[in-house]
1. Just to be sure I understand, how many residues within the range 7-29 are touching a strand residue (DSSP E or B) at 6+ places or on another chain (Cβ under 7 Å) and either hydroxyl-bearing (Ser, Thr, Tyr) or open to solvent by 20 Å² or more (accessible area, probe 1.4 Å) (or both)?
2. Looking only at the range 151-161, decide whether some residue is modelled with pLDDT under 85 and exposed (fewer than 10 other Cβ atoms within 10 Å of the Cβ).
3. Test Glu204 against the stated conditions and say whether it is part of a helix (DSSP H, G or I), among the acidic types (Asp, Glu), open to solvent by less than 50 Å² (accessible area, probe 1.4 Å) and out of contact with any Lys or Arg (no Cβ under 9 Å at 6 or more places or on another chain).
4. Restricting to the range 30-47, and then to whatever is small (Gly, Ala, Ser) and touching a helix residue (DSSP H, G or I) at 6+ places or on another chain (Cβ under 9 Å), can you tell me which residue is surrounded by the most Cβ atoms within 10 Å (Cβ to Cβ)?
5. Please list, ordered by first then second residue, the pairs with beta carbon atoms under 8 Å, 6 or more apart or interchain, first in the range 203-222 and closer than 18 Å to Glu156 by Cα, second assigned to a helix (DSSP H, G or I) and open to solvent by less than 100 Å² (accessible area, probe 1.4 Å).
6. Any residue in the range 158-183 that is over 24 Å from Ser147 (Cβ atoms) and in contact (Cβ under 8 Å) with a residue 24 or more places away in the chain sitting within a Cβ distance under 9 Å of a residue that is charged (D, E, K, R) and outside any loop (DSSP other than H, G, I, E, B)? List the pairs, counting only those 6 or more apart or interchain.
Amino acid sequence: MQAGGLSADELQQIRDALAAGRKPRVQFTESAGQISGQIGQVVGLEDPAVSDEWVVVKFGRDELPFSPADLRIAPKGPVPKKVAPPVAEPVEPVLSGPEFLIDKPLPVKAPVQRRSEPPAQRRGEEEVPVAAPRKAARPVKAKPGPSLTVTLAYGEGEWTIAANQGAKALARPYVIRPAEALKMVSLIDVPGVQEAVDQIMAAERAEAEQQAQRLRAELAEVEARLAELGEAG
């Protein structure tokens, strides 16, 4: 049985076993502390670049990360249990004969105190696994940056666009041409948006036609006035 931790070849074997849906058995080495010699199951491998403890082992009800140096491939067959040696009981002294004394009280025998043993180490019983110590908390991941929001709006006959990153304004609302706004809207495949834009553009075309008619009428009046002034001259 090897005394060191897991080698690169053994780690690759564990990785292949996990990919096949198996949970390979490992044994804790002396560097794992008080759970040395106990058996666990590898349930996952994390990124070794993030932490030195990246081999996730299920031990009892816990799933904790360990370093490859804390583990080795479990031996085949049942693992021998640690049995505490029997405790020798004190031997009572044997008296050579009874002592007959009329004026002395009979000696009272003090009760023999037996040394209590932990439940896990009584003779004839198996050792109960000790719960694995809690590991230090993993490093907290960096908080993502503020979100970016781009707003396309229409109001008072003009299309505007603005950009914000969180509470910071990257671009204040500025006017863009209707053709550019329509290109942006055409990329949005949301029911109801295109219909609303079509209504806005129809209303703008109607208003532009009315304005053009007024301008043509005013232009006709100006041309007629110029014609009159030309004839008078």
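1. Selection size over the range 7-29: 7.
2. Taking every residue of the range 151-161 in turn, at least one turns out to be modelled with pLDDT under 85 and exposed (fewer than 10 other Cβ atoms within 10 Å of the Cβ).
3. So Glu204 passes the test.
4. By that ranking, first place goes to Ala32.
5. Partner pairs satisfying both residue conditions: Glu204/Pro178.
6. Pro178/Glu158; Pro178/Glu204
The values are calculated or read from the model by the stated rules, or taken from the named source; none is laboratory data. The shown structure was predicted, so the numbers you read here are calculated from the model rather than taken from an experiment. All Cβ positions, even for glycine, are placed from backbone atoms using ideal geometry, and neighbour counts span all protein chains on display. Accessible surface areas use protein heavy atoms only, side chains included; no ligands, DNA or RNA. Shrake-Rupley method; radii C 1.70, N 1.55, O 1.52, S 1.80 Å.
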